[in-house]
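Q: Just passing along the structure, written as structure tokens.
Just so you know, all these numbers are worked out from the coordinates, no wet-lab data involved. The model shown is predicted, which means the values in this text are computed figures rather than measured ones. Neighbour counts are summed over all protein chains in view; Cβ atoms, including those assigned to glycine, are modelled from backbone coordinates with ideal geometry.
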Amino acid sequence: MRIADAKVIVCCPGRNFVTLKVTTEEGISGLGDATLNGRELAVASYLRDHLVPLLIGRDARRIEDTWQYLYKGGYWRRGPVTMAAIAAVDTALWDIKAKSLNAPLYQLLGGASRESVLVYGHASGADIEETVEAVAIYRKRGYQAIRAQSGIPTSEPVVDGTLLEFCAATVRPAAAGIRPRLAPSARRAPSPDAD
């Protein structure tokens, strides 16, 4: 089962997501994520210019061999761009293997280890009100964890609890039962100039 084609897909929003689609001669395709926020175009170029040409003609079933070939074949190793690209190839090949065996991928990796997994919805809006509305929609969908992002993050440190109090008072009715948690970037120490 030889690799016949590999395409790098860079897409939304704007260009944040990088996906590798590897296709075998038999027409089986596998997907791998190569997203590296802030360096997505570097990963896309690394895949397109360096790894894809090496993949064509290789046996898609030899996943570990391909991983070692890509990792040890380069003079420079272990950078985030290289590892994101190799991870995408690895994931795509596992996806192909599972599809060729008509089995869910988790069965090839040792079977199920839990009955369910907690996921979160990403509610966002241009302002606080729009974000609160988005949180309410995710609550109606049954999400127990929701990440809320409003507008453009500020570089100003949070000096007092005003922002947290406002967010808690505004979001709490829409997000009953959700424990609020500030992102580490919002938990800055008070400014030395603050009263």
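Q: Work out the P(r) tail for the range 3-108: percent of alpha carbon pairs separated by more than 18 Å, whole number. Present the calculation step by step, with values, prior to reporting the outcome.
A: Working: 2407 of 5565 pairs.
That tail contains 43 percent of the Cα-Cα pairs.
Q: For the range 93-126 and the range 41-77, what is the separation of their C-alpha centers, rounded to whole Å?
A: Value for the Cα centre distance between the two parts: 23 Å.
Q: Then there is this: Can you tell me the FRET efficiency between TRP67 and ALA145 if r is taken as the Cβ-Cβ distance and R0 is 30 Å, rounded to the nearest 0.05?
A: Values: r = 33 Å, r/R0 = 1.09.
It comes to 0.40.
Q: Given the peptides 97-104, 34-41, 114-121, arrange them by the average over their residues of other C-beta atoms within 10 Å, most packed first.
A: 34-41, 97-104, 114-121
Q: Going through the range 1-33, which trypsin sites (Lys or Arg not before Pro) have at most 16 other Cβ atoms within 10 Å and a DSSP loop state?
A: Those satisfying the criteria are ARG15.
Q: Going toward the positive end of the dipole of the range 3-108, with +1 on Lys and Arg Cβ and -1 on Asp and Glu Cβ, which of LEU41, GLY27, ALA103 do you reach last?
A: Most positive-ward Cα: LEU41.
Q: Continuing with this model, one more query. Once you charge only the Cβ atoms, +1 for Lys and Arg and -1 for Asp and Glu, what is the size of the charge dipole of the range 3-108 about its Cα centre, to the nearest 20 debye?
A: Using only the charged Cβ atoms, the result is roughly 240 debye.
Q: Could you pull out the pairs from LYS7/LYS72; LYS72/LYS97; LYS21/LYS140; LYS21/LYS72 whose alpha carbons sit more than 31 Å apart here?
A: Details: LYS7/LYS72 23 Å; LYS72/LYS97 23 Å; LYS21/LYS140 34 Å; LYS21/LYS72 23 Å.
Flagged as over cut-off: LYS21/LYS140.
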